[in-house]
Amino acid sequence: MSCPAPAPWLASPTRPGDMGATWRAPGWARLALCLAGLVLSLYAMHVKAARSRDKDYRALCDVGTAISCSRVFSSRWGQGFGLVEPLLGRDSVFNQSNSIFGCVFYTLQLLLGCLRARWASVLLVLSSLVSLAGSVYLAWILFFVLYDFCFVCITTYAINVGLMMLSFREVRGPQSKVKGH
């Protein structure tokens, strides 16, 4: 898969430290993880919307009372990570479904993965760190507050770990090679 032609402001750098970048393929692993994360985020959005229309809705990932993704997505932690509403209010623009944040994150990871620039690699690592912190927080909520198991949630946590590993490998890659050896 190839990425679109670069915009003029993203042209190749002409000097060290230039903010320019070149386009490249994101790699099959990043592409697969981002697409899987995007599909799961869209599915979570669908489940939450269907559950809000019909309280008796049963999603494919609802296996039992203790294994219910729709219950997790519909909980107060399924929107704004359960933090935005108490801090910024119910009407805050940031008080969105967690799946919206997931869609933005996986799209960002894919687009930044198409850029060959140091700043893009650093942003990949930083956004991966934020997603990993969010995954640990939400996993704690899932197991110790909601006492639930959510296949979709656990899979997205694993995808986030995979993206973190790819991002660290990429940011370390060019610097670990010693010139002249």
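The values are calculated or read from the model by the stated rules, or taken from the named source; none is laboratory data. Remember, predicted model here, so these are calculated numbers, not experimental data. No Cβ is skipped: glycine too gets one built from the backbone with ideal geometry, and neighbour counts run over all protein chains shown. With ligands, DNA and RNA removed, areas are computed over all heavy atoms of the protein, side chains included. Shrake-Rupley method; radii C 1.70, N 1.55, O 1.52, S 1.80 Å.
General remarks:
- Selection from ALA66, LEU31, SER52 lying farthest towards where the dipole of segment 18-109 points positive, charges on Cβ: ALA66
- For the residues MET164, MET45, a 1.4 Å probe over the protein chains yields an accessible-area ranking, largest first, of MET45, MET164.
- When THR65, THR156 are compared by accessible surface with a 1.4 Å probe, the order from highest to lowest is THR65, THR156.
- Contact order normalised by residue count of segment 13-92, Cα under 8 Å, 6+ apart, percent: 15
- Segment 81-140: relative contact order as a whole-number percent, Cα under 8 Å and 6+ apart: 22
- Solvent exposure, largest accessible area first (probe 1.4 Å, DNA, RNA and ligands not counted), of THR155, THR22: THR155, THR22
- Centre-to-centre, using Cα atoms only, segment 29-90 and segment 121-158 are separated by 13 Å.
- Per-peptide packing, taken as the mean over residues of other Cβ atoms within 10 Å, places 142-148, 99-105 in the sequence 99-105, 142-148 from highest down.
- Neighbourhood charge, 12 Å Cβ-Cβ cut-off, centred on LEU146 and excluding it, Lys, Arg +1 and Asp, Glu -1: +1
- With the alpha-carbon atoms of segment 40-165 aligned to their principal axes, the span from lowest to highest coordinate is 49, 31, 26 Å, starting with the largest.
- Test item: Cα-centred dipole of segment 38-181, Lys/Arg +1 and Asp/Glu -1 on Cβ, debye: 500
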